[in-house]
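Below is one structure, written out as structure tokens; the observations come after it.
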Amino acid sequence: MLEHGPAAGSTVTLLTALSAEVSVRTVMRPLAVLLLALAVTGALAGPPAAAITAAPVAVAAHPAATLADNGDGSSATAPPGPNINVQQQEADAAQSKHKLVVGIVAAGLLIIVYFGHRQRAKSRVRKKNLQNAKG
């Protein structure tokens with residue numbers, strides 16, 4: 001049984017609009033759950049474990065490599081290498097990881113808000129069109 005006229009078109013439009021809204025909901029809910037899980041994981045993951053850090057290893061350098069000839073027969077030691085602060089590097093890595101997790105969560109929430117507002121605006125327009133079609 002097919003209906004003709006403005007009421008039939010409104011029913012079809014309403015059904016397609018509802019199916020589009022349902023598909024957006026089915027995508028957004030798992031995305032929101034995934035972002036929540038990512039946020040909780042990022043919050044609970046503190047600094048790196050102590051098992052990852054290694055104790056400094058003493059390496060015996062060859063005497064010829066550490067002594068430089070000044071040209072006058074005297075020798076001087078080579079300048080020391082860069083001072084590597086392992087604790088500072090670990091703190092920087094933890095902070096970078098934290099910033100990355102927060103940035104991903106913020107971007108995901110922004111996407112959810114954007115699509116939610118977009119769906120709400122479309123729903124308002126649909127509702128207004130249906131009310132105008134009835135009246």
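Bear in mind that the values in this text are calculations on the coordinates, not laboratory data. Only a predicted model underlies this, so the values are computations on that prediction, with no experimental measurement involved. Here Cβ is always computed from backbone atoms with ideal geometry, including for glycine, and neighbour counts include all displayed protein chains.
Give me a count of the residues in the range 75-104 that are aliphatic (A, V, I, L, M), outside any helix (DSSP H, G or I) and under 30 Å from THR41 (Cβ atoms). Lay out the reasoning, then the answer.
Within the range 75-104, the first condition is being aliphatic (A, V, I, L, M), and the residues that meet it are 76, 78, 84, 86, 91, 93-94, 100-102, 104.
Within this subset, residues satisfying the condition of being outside any helix (DSSP H, G or I) are 76, 78, 84.
Retained after the next criterion (residues that are under 30 Å from THR41 (Cβ atoms)): 84.
Within the range 75-104, residues that are aliphatic (A, V, I, L, M), outside any helix (DSSP H, G or I) and under 30 Å from THR41 (Cβ atoms) number 1.
If you check every pair at least six apart or on different chains, which have Cβ atoms under 8 Å apart with a residue in the range 81-109 that is touching a residue at least 24 places away in the same chain (Cβ under 8 Å) first and a residue that is of a type in the set (Val, Ile, Thr) and surrounded by 10 or more Cβ atoms within 10 Å (Cβ to Cβ) second?
VAL86/THR53; GLU90/THR53; VAL101/THR41
How about the range 79-124: which of its residues are closer than 24 Å to LEU35 by Cα and charged (D, E, K, R)?
ASP92, LYS97, LYS99, ARG118, ARG120, listed by residue number.
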